[in-house]
Amino acid sequence: MSNRTRIDTGTPWEQIVGYSRAVRVGEHVYVSGTTASDEQGNVIGIGDPAAQTDYIIRKIERALVACGASLADVVRVRMYVTDIAQWESIGRKHGEFFGEVRPVSTMVEVSKLVDPRHMVEIEVEAIVGSGA
């Protein structure tokens, strides 16, 4: 059985809801759905889905690094957006980070996220050492 490593950021919601920012099992890393809220709960990039996407991917990168992985190891990305008409600005920002990695990616529109100011939520899966 592979060792399981859990990465928590210390936000109160992790304990209340019962989740981790990221979990590593063997060489596989799973990062929870991530939004553009900082450690104090402030929403970043209100009204700007590209700015939220940028902040989210950088936040995901920190979780990956804590698990011994990197953005280059990402093999799957799932993006949940509240306005699919914004797909291009979100997609271009995604491409800035993953243009060379080219993980399988999904973007779907959802009716809303936990905070109405969140426009984007992203989760990823990575395999340590699979990066280019």
Report summary line: Simple SL model, points at 7 angstrom along Cα→Cβ for E96 and S70; separation in nm is 2.0 nm
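Quick one: length gained pulling D38 to R58 fully straight, 0.36 nm per residue minus the C-alpha distance?
Details: separation 20, 0.36 × 20 = 7.20 nm, distance 1.13 nm.
Computed gain between D38 and R58 is 6.1 nm.
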**Report entry** Low-density loop positions, trypsin sites (Lys or Arg not before Pro), the range 16-113 - DSSP coil, at most 14 other Cβ in 10 Å
**Finding:** K112
Query - Cβ-derived FRET efficiency at R0 35 Å, V128 paired with W87, nearest 0.05 - result: 0.70
Report task. With a Förster radius of 30 Å, plug the Cβ-Cβ distance of E14 and K112 into 1/(1 + (r/R0)^6) and report the FRET value to the nearest 0.05. Result -> 0.90
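No value in this document is a laboratory result; all are computed from the given coordinates. Here the structure is a predicted model, which means the values were calculated and not measured. So basically every Cβ, Gly included, is an ideal-geometry build from the backbone, and we count neighbours across all protein chains shown.
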